[in-house]
Structure formats: C-alpha cells, structure tokens
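The values are calculated or read from the model by the stated rules, or taken from the named source; none is laboratory data. Just so it is clear, the structure is predicted and the values come from calculations on it, not from any experiment. Backbone-built Cβ (ideal geometry, glycine too); neighbour counts: all protein chains shown.
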Amino acid sequence: MVLLILTTVQATTEEPTSTELPETSGAGFYGLMSLVLISAGAAFYWGLLPKLKQHEQAVLDTRDLALVRVRVALPAPGPAGAALSLSGELKPATEASILARVPGYVRKWNADMGDKVEAGQVLAELDTPELQRETARAEAQLALAEAGCRLAQTTAMRWKELLAARTASTQEADEKQADFELKTAAVEAARAEVQRLQQIGKFATITAPFGGTITARHVDLGQLVEIGGSKELFRLADTARLRVFVRVPQGYARSVKSGQAAAVALPELQGQTFVAKIVRTAGAIDPASRTLLTELEVDNSSGNLLAGSYAQVLLPAAKAEAPITVSANALIFRSDGAQVATVEAGVVRLLKVTLGRDFGSSVEIVEGVNPASRVILNPPDSLTEGVNVEVVE
C-alpha cells in the first residue's frame with residue numbers, strides 16, 4: 001500500500017512543470033491526500049492495532065499470573081468422643097458407726113451382721129452400775145438441797161415478820177432472804193444434774209438411728225464398753241440407695257449438671273447396667289487433680305448392688321468442649337513453628353497455632369484460630385504475610 005502511494009507521487013512529480021496550473025489541480029491534490037489518509041488508516045488497522053492489543057493482553061496476562069489464587073475452608077469441629085467412662089466406688093447413702101455413750105457391760109444384743117433393722121429398734125442393752133450410783137447420789141443431793149431450801153424459805157418469812165414488828169434489823173432480814181434465794185438456786189442446779197444423769201442413762205439402751213442393714217457387729221455378752229474410745233459397737237448402713245463419687249476431668253466439667261442421667265456397670269455383672277442420677281457436684285475444680293468431684297445416686301431397692309463395690313460410671317451427657325480441626329495440608333512449618341495462613345479482606349495473615357491431636361487427614365488446633373477463620377488449603381511455600389490473593393470458590 002505504501003509502495004503504491006510512492007509510485008503515484010513519483011509519477012506525479014515526473015510530469016512537466018508549467019507556470020499555469022490546470023483547472024483540476026485542486027481536486028487532484030485533495031484526492032491524493034484522501035488516498036494517503038486512507039492508506040495510513042489501513043496500515044494502522046492492519047499493522048499497529050493488533051500489536052497494541054497483543055501488548056495489552058500481555059500486560060493483563062502478566063497481572064493475572066502474578067495474582068495468587070487460593071482455596072480456603074473454615075475450621076471444622078473435631079470428631080465426637082465416646083461417652084465418658086469413669087471409675088467409682090459404691091457407698092451407702094447413709095452410714096454410721098454406733099458407739100457407746102455411757103460406760104457399762106453388754107447385757108444383751110439383739111441385732112447381728114446382715115440384719116435389717118428399723119429406726120429406733122433396740123440393738124443392745126448395757127448394765128451401767130457406776131452411772132446408776134452417780135444418779136442415786138445426785139438424787140440424794142437434790143433432796144438435801146430441797147430440804148435446805150425449805151428451811152431457808154421458812155426462816156426468811158419469819159425474819160420478814162420480825163422486820164414488820166420492828167424487832168429485827170433490815171440487814172438481818174435481807175440476809176435471810178438472800179440465803180433463801182441461794183438455796184433455791186442450789187436446788188435448781190441439783191435438779192439439772194439429776195436430769196442430766198437420767199438422760200445419759202437412756203443411752204444404756206442402744207438403738208438404731210435410722211433404718212438399714214447392720215454391716216458389722218463388735219459386741220458380745222459381758223463385754224466392757226468404755227466411752228471416749230473409737231471402738232464401734234455396730235456399723236449401720238442404708239443400702240436401699242447407693243452413692244457413687246467420681247472425678248470428672250476439667251474438659252468435661254462444664255457439661256456435667258445435677259439431674260443428668262448416668263449408667264452404672266459392674267465388671268462381674270456383664271451386660272447389666274443400672275440407672276443413676278447426678279445429684280450434686282463440688283462446684284469447683286480440685287487444683288490438685290484438675291477434676292470436678294461429682295456425686296451420683298443409684299436405686300438399690302432390689303439389693304443387686306453391694307456397697308463398697310468397684311463400678312464403672314458412664315456419663316452420656318458429659319461432652320468435652322469441641323476442638324477445632326483444620327485440614328492437615330493447611331499447616332505451614334517454618335522456623336517460627338506451626339502456622340496456618342488465613343485470608344482477611346483478600347490479604348494473607350499468617351497465624352501461629354498450637355497443635356493438639358493428629359487425626360490423620362485433619363489436625364486439632366488448640367490455640368491460634370477460631371471457627372470463623374478462612375484457612376488457606378495447600379498454601380504455596382512462597383506465601384508471605386500481607387500478600388494479596390484471590391479466593392477461588
């Protein structure tokens with residue numbers, strides 16, 4: 001096209017010059033210029049424009065290749081664990097050691113080991129000769145104090161009459177009245193002592209404080225029983241209801257509440273479970289073991305469970321706080337330790353994490369990310385803090 005233009009121009013210049021311009025010279029000039037412009041436009045369209053488009057496309061491709069594309073995923077909760085199983089010991093709901101309140105000799109015992117007794121039932125009777133003598137002496141002292149009190153009352157009344165007749169001084173009358181009041185107080189003290197000894201004497205008959213089973217007997221006929229010692233006469237236990245104490249780990253403590261159902265199983269009773277209920281908790285973590293002391297109650301009206309037995313307690317409602325897990329291919333291991341890359345508003349953030357259990361395809365994250373973090377999967381080794389990325393859905 002350019003060659004055609006040059007040839008035309010050359011042919012034009014070779015024509016003989018003349019001082020007189022032809023009448024059509026203006027039209028030829030404008031035609032020539034039009035031809036030149038058309039030729040330049042065609043050259044631009046067919047030659048330069050494609051190159052400009054190619055350059056623009058190359059710039060876009062370069063920018064596109066420079067932008068890192070990543071795939072992200074939200075952390076998932078860890079796998080649910082099995083029901084919490086803890087070991088415990090079955091204990092009676094109520095248990096007491098029956099001790100002697102007064103010294104004496106065993107005259108009779110009415111209950112033996114294994115017997116069922118009711119509240120108030122007589123278990124044994126004691127002979128208490130020393131207590132009886134002390135009671136008799138206290139009663140004699142009471143009678144003596146009452147006699148002296150009567151005499152002091154009569155004397156005080158007579159001195160009151162003498163004072164009215166002006167044959168006795170006021171001081172003497174007041175002394176007699178005070179003596180009467182002193183003797184009255186002595187009578188009350190003596191009477192209280194008699195009542196105390198009589199009340200203690202009732203403890204010579206040993207009774208059951210509540211209904212239950214005699215689990216131990218340590219008395220026999222004629223045996224000397226002394227007070228102030230730790231030797232028990234009987235051990236009484238209410239085994240119709242049993243208590244179980246377990247220590248719940250700290251991770252499960254928040255999910256344990258009073259009223260929740262549980263199950264109790266014994267190794268010797270395979271395939272059998274007994275319904276239990278959580279009745280109370282300590283309400284605080286034991287700093288020594290980092291556990292929560294929990295008490296359960298089991299109905300044992302059938303008598304199938306024996307107090308003191310070892311048992312396994314299953315707590316279905318006790319759940320550990322769900323851990324956060326991420327895909328194993330999201331971890332980055334560098335000199336700073338384990339990290340994960342997250343995306344915030346299109347910008348990469350590297351977070352240091354603390355790893356927990358390894359589940360194979362996923363890893364538990366103890367600390368470092370939250371459930372809303374957008375974690376990058378398969379992050380490239382060159383990924384750094386603050387890089388702009390594009391999330392691929």
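Take segment 351-385 and flag every residue that is of a type in the set (G, A, S) and in contact with a strand residue (DSSP E or B) (Cβ under 6 Å, 6 or more places away or on another chain).
G356, S362, G368, S373
Which one is nearest to T94 (Cα to Cα), of the residues in segment 254-282 that are of a type in the set (G, A, S) and at pLDDT 90 or above?
A276
Which of the residues belonging to segment 158-181 are aliphatic (A, V, I, L, M), part of a helix (DSSP H, G or I) and loosely packed, with under 13 Cβ neighbours inside 10 Å? Full working, then the answer.
To start, the set of residues in segment 158-181 that are aliphatic (A, V, I, L, M) comprises 162-165, 168, 173, 178.
Next, from what is left, pick out any that are part of a helix (DSSP H, G or I): 162-164, 173, 178.
A164, A178, listed by residue number.
If a residue has to be assigned to a loop (DSSP other than H, G, I, E, B) and either assigned by TED's automatic domain parsing to the domain that holds Q260 or buried (at least 19 other Cβ atoms within 10 Å of the Cβ) (or both) to count, how many in segment 104-124 make the cut? Don't jump to the end; show me each part of the working.
Step one: filter segment 104-124 for residues assigned to a loop (DSSP other than H, G, I, E, B), giving 110-115, 118-121.
Among the residues that remain, those that are also either assigned by TED's automatic domain parsing to the domain that holds Q260 or buried (at least 19 other Cβ atoms within 10 Å of the Cβ) (or both) are: 111.
Number of matching residues: 1.
Which count do you get for residues in segment 286-338 that are in a strand (DSSP E or B) and either of a type in the set (D, E, K, R) or out of contact with any helix residue (DSSP H, G or I) (no Cβ under 8 Å at 6 or more places or on another chain) (or both)? Give the steps one after another, and end with the answer.
Step one: filter segment 286-338 for residues in a strand (DSSP E or B), giving 286, 291-299, 310-315, 324-327, 331-334, 337-338.
Next cut, either of a type in the set (D, E, K, R) or out of contact with any helix residue (DSSP H, G or I) (no Cβ under 8 Å at 6 or more places or on another chain) (or both) only: 286, 293-299, 310-314, 324-327, 331-334, 337-338.
Adding up the residues that qualify gives 23.
Only one of V187, V122, V117 is touching a Cys at 6+ places or on another chain (Cβ under 8 Å) and touching a residue at least 40 places away in the same chain (Cβ under 8 Å). Can you tell me which? Full working, then the answer.
Working: V122 fails: touching a Cys at 6+ places or on another chain (Cβ under 8 Å); V117 fails: touching a Cys at 6+ places or on another chain (Cβ under 8 Å).
Being touching a Cys at 6+ places or on another chain (Cβ under 8 Å) and touching a residue at least 40 places away in the same chain (Cβ under 8 Å) holds for just one of V187, V122, V117, which is V187.
Yes/no matrix, rows are residues, columns are (1) of a type in the set (S, T, N, Q); (2) out of contact with any Lys or Arg (no Cβ under 8 Å at 6 or more places or on another chain); (3) assigned by TED's automatic domain parsing to the domain that holds A136:
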{"site": "T155", "(1), (2), (3)": "yes, no, yes"}
{"site": "E161", "(1), (2), (3)": "no, yes, yes"}
{"site": "R166", "(1), (2), (3)": "no, yes, yes"}
{"site": "Q171", "(1), (2), (3)": "yes, yes, yes"}
{"site": "Q177", "(1), (2), (3)": "yes, no, yes"}
{"site": "T184", "(1), (2), (3)": "yes, yes, yes"}
{"site": "V187", "(1), (2), (3)": "no, yes, yes"}
{"site": "A192", "(1), (2), (3)": "no, yes, yes"}
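When segment 128-150 is examined, which residues are found to be farther than 12 Å from V187 by Cβ and surrounded by 13 or more Cβ atoms within 10 Å (Cβ to Cβ)?
Initially, segment 128-150 is screened for residues farther than 12 Å from V187 by Cβ, giving 128-140.
Within segment 128-150, T128, L131, Q132, E134, T135, R137, A138, E139 qualify.
Please go through segment 66-121 and give me each residue that is among the hydrophobic types (A, V, I, L, M, F, W, C) and at pLDDT below 80, ordered by number.
So in segment 66-121, the residues among the hydrophobic types (A, V, I, L, M, F, W, C) come out as 66-68, 70, 72-74, 76, 80, 82-84, 86, 90, 93, 96, 98-100, 102, 106, 109, 111, 113, 117, 119.
Answer for segment 66-121, where residues must be among the hydrophobic types (A, V, I, L, M, F, W, C) and at pLDDT below 80: A66, L67, V68, V70, A76, A80, A82, A83.
Among the residues of segment 342-355, count how many are touching a residue at least 60 places away in the same chain (Cβ under 8 Å) and among the small types (G, A, S).
Counting residues in segment 342-355 that are touching a residue at least 60 places away in the same chain (Cβ under 8 Å) and among the small types (G, A, S) gives 0.
Can you pull out the residues in segment 335-393 that are closer than 13 Å to R71 by Cα, within 34 Å of the chain's Cα centre (by Cα) and among the charged types (D, E, K, R)?
The one that is closer than 13 Å to R71 by Cα, within 34 Å of the chain's Cα centre (by Cα) and among the charged types (D, E, K, R): R374.
On the given criteria, is L306 in contact (Cβ under 8 Å) with a residue 40 or more places away in the chain and over 30 Å from V264 (Cα atoms)? Before the answer, list the steps.
On the way: in contact (Cβ under 8 Å) with a residue 40 or more places away in the chain: yes; over 30 Å from V264 (Cα atoms): no.
Considered against the rule, which asks whether it is in contact (Cβ under 8 Å) with a residue 40 or more places away in the chain and over 30 Å from V264 (Cα atoms), L306 comes out as no.
Looking only at strands (runs of 3 or more DSSP E) that lie completely in segment 344-393, which have at least 2 residues being over 14 Å from L74 (Cα atoms)?
It comes to 347-352, 354-358, 362-367, 389-391.
Any idea which residue in segment 286-303 is nearest to G271 (Cα to Cα), counting only those that are surrounded by fewer than 11 Cβ atoms within 10 Å (Cβ to Cβ) and polar (S, T, N, Q)? Give the derivation first.
Initial filter on segment 286-303 (surrounded by fewer than 11 Cβ atoms within 10 Å (Cβ to Cβ)): 287-288, 301-303.
Narrowing the set further to residues that are polar (S, T, N, Q) leaves 301-302.
Numbers: S301: 20, S302: 17 Å.
Taking the candidates together, the pick is S302.
Just give me the residues in segment 234-281 being loosely packed, with under 15 Cβ neighbours inside 10 Å and assigned to a loop (DSSP other than H, G, I, E, B), in sequence order.
Hits for segment 234-281 are R254, K257, S258, G259, P267, E268, L269, Q270, G271, Q272, T273.
Keeping to segment 173-190, report how many residues are in contact with a helix residue (DSSP H, G or I) (Cβ under 6 Å, 6 or more places away or on another chain) and charged (D, E, K, R).
Residues that pass the stated criteria total 3.
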